[in-house]
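Accompanying notes for the structure given below.
The values are calculated or read from the model by the stated rules, or taken from the named source; none is laboratory data. Quick caveat: nothing in here was measured; it's all calculated off a predicted structure. Note that each Cβ is placed from the backbone with ideal geometry, even for glycine, and that neighbours are counted across all protein chains shown.
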Amino acid sequence: MFNGCASLSDIRELENWKVSNGNNFISMFSGCSSLSGIKWLENWNISNGNDFSCVFNGCSSLSDLKLYVNLIKY
């Protein structure tokens, strides 16, 4: 989705995205070298996700890695 967006630094607009039907998150933020925090993703329901390979690969500015994810399946 945002693979290679080197200038992406603020993802707070993604906080309320509905991603519960997503199952492939491969390289979603890969190469986002300006991204410094991911706390805005903590409300995402990724319980149907199957592949998270390289999601944050190359995110060299990440400093806030606290991410608590609700993985409860209903």
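Among the residues of this structure, Asn70 does not count as one that is in a loop (DSSP other than H, G, I, E, B), at pLDDT below 95 and in contact with a Gly (Cβ under 8 Å, 6 or more places away or on another chain). Just name the residue that is farthest from the chain's Cα centre (by Cα) out of those in the range 2-24 that are of a type in the set (A, V, I, L, M, F, W, C) and closer than 14 Å to Cys59 by Cβ. That would be Ala6.
With respect to the stated conditions, Ser34 fails to be in a loop (DSSP other than H, G, I, E, B) and farther than 19 Å from Cys54 by Cβ.
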